[in-house]
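Q: Quick one: the structure is below, questions incoming.
Since every read-out is calculated from the coordinates, none of them should be taken as a lab result. Since this is a predicted model, take the numbers as computed values, not measurements. Positions of Cβ are backbone-derived with ideal geometry, glycine not excepted, and every protein chain shown enters the neighbour counts.
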Amino acid sequence: MPLSSLMRRSGPLDQVFQHSRELETLNRRLRDLLPDELAGHCAVGRCDSGGLSLVTDTPARAARLRYMSRTILEGMPELVKPARGKIRVSVAPIQPLATPAPIKRHLSTAAATQLRSLADTVDDSELAASLRRLASRGGN
């Protein structure tokens, strides 16, 4: 049975899909309200009669979210009516929305040559070894 037909049926699975869509809507709205440096580090955990629960990855960000609770509630009036006036913030690891692509670093041949020359002139043997190791990552 295709997934699309399961999604159209009513029942427990439909309730799960509906709840997932509601959480995603709340998360999008929350990200729109928050400053960029905070938006990628928090998520809606739950929204029900018990209140709006937010999850973030550090205690410092949790404190900022608590200070912004009024702004968050005012910015989400149509979505959080059951939770009006109640925000709970907890700290837990959050799965990133997307894994950033690794940065490809390049060390030019000229830079590698300079590092080798520098390694030949320093008296500290550990520093010289580190410089040579770094130079080995560059051009030949």
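Q: Counting other C-beta atoms within 10 Å, which of 106, 19 has the fewest, and how do the rest follow? Write down the numbers at each step before the final one.
A: Values: 106 8, 19 12.
In order of increasing Cβ crowding within 10 Å: 106, 19.
Q: Still on this structure, I have one more. Once you list every other residue whose beta carbon is under 15 Å from the beta carbon of residue 24, what net charge do they have if Lys and Arg are +1 and Asp and Glu are -1?
A: Working: positive: 21, 28, 29, 31, 46; negative: 22, 32.
Charge balance in the 15 Å sphere: +3.
Q: Separate question: How far apart, in nanometres, would the label points at residue 108 and residue 124 be if each is projected 7 angstrom from Cα along the Cα-to-Cβ direction?
A: My value for the distance between the label points is 2.6 nm.
Q: Right, something else. For the stretch 100-139, rounded, prolate or oblate, judged on the Cα gyration tensor with a ≥ b ≥ c (square roots of eigenvalues), a/c < 1.5 rounded, else prolate if a/b > b/c? Present the calculation step by step, with values, prior to reporting the outcome.
A: Details: a/c = 4.06, a/b = 1.91, b/c = 2.13.
It is oblate, given that a/c is not under 1.5 and a/b is not larger than b/c.
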